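The numbers here are math on the coordinates, done by the rules we state, and not lab data. Keep in mind that this is a model prediction, so the values were computed, not measured. Note: ideal-geometry Cβ built from the backbone for every residue, glycine included; neighbour counts use all protein chains shown.
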Amino acid sequence: MQIPSQFKLFHQTWHIRLCQPMEIGDDLGQTRPDLFEIVLNPNQSAESMLHTLTHELIHAIETKLKLDMTENQVDLIALGLLDLFRSNPNMLTLLGPQPQLDSPAEEPDND
């Protein structure tokens, strides 16, 4: 899995990096909003890494928006987003720079 080294969020560039041993203790990942950084523990499976990255991205959003979410709330949103986009990969195309929206099929007027 190729993890990007940076991303933009609300016009700010954040960095993503793998941590050094024991840098984040037993955590799988950390979001450091003061440094605009997400740090990931490299000692996890690809599936766990994807979940951890999604979890930390949600932390970046919720911190920036001052939502004060709990770890459980962040984790459940991460699980939900991963399932949504895996079950409906076409949804991701809507998030591109110029989404192509098809009009929904017209429903017959039964009045």
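For segment 1-64 and segment 82-96, what is the centre-to-centre distance using only Cα atoms, to the nearest Å? Centre-to-centre (Cα) distance: 21 Å.
Would you mind checking the tilt of helix 71-87 against the longest principal axis of the Cα atoms of the chain, expressed as 0 to 90 degrees and rounded to 10? Its long axis makes an angle of about 50 degrees.
3J(HN,Hα) along segment 14-24, derived from phi through the Karplus expression 6.51 cos²θ - 1.76 cosθ + 1.60 where θ = phi - 60°, amounts to 10, 10, 10, 8, 7, 8, 7, x, 6, 5, 10 Hz, with x in place of Gly and Pro. Each DSSP beta bridge with both residues in the chain is either parallel or antiparallel, and the antiparallel ones are about 65%. The C-alpha atoms of the chain define a longest principal axis, and helix 46-64 lies at about 80 degrees to it. Each peptide among 44-55, 22-33 gets the average number of other Cβ atoms lying within 10 Å of its residues, and from highest to lowest they stand as 44-55, 22-33.
Residues whose amide H lies under 5 Å from that of GLU37, counting only those 5 or more places away or on a different chain, are HIS15, ARG32; hydrogens are built 1.01 Å from N in the peptide plane.
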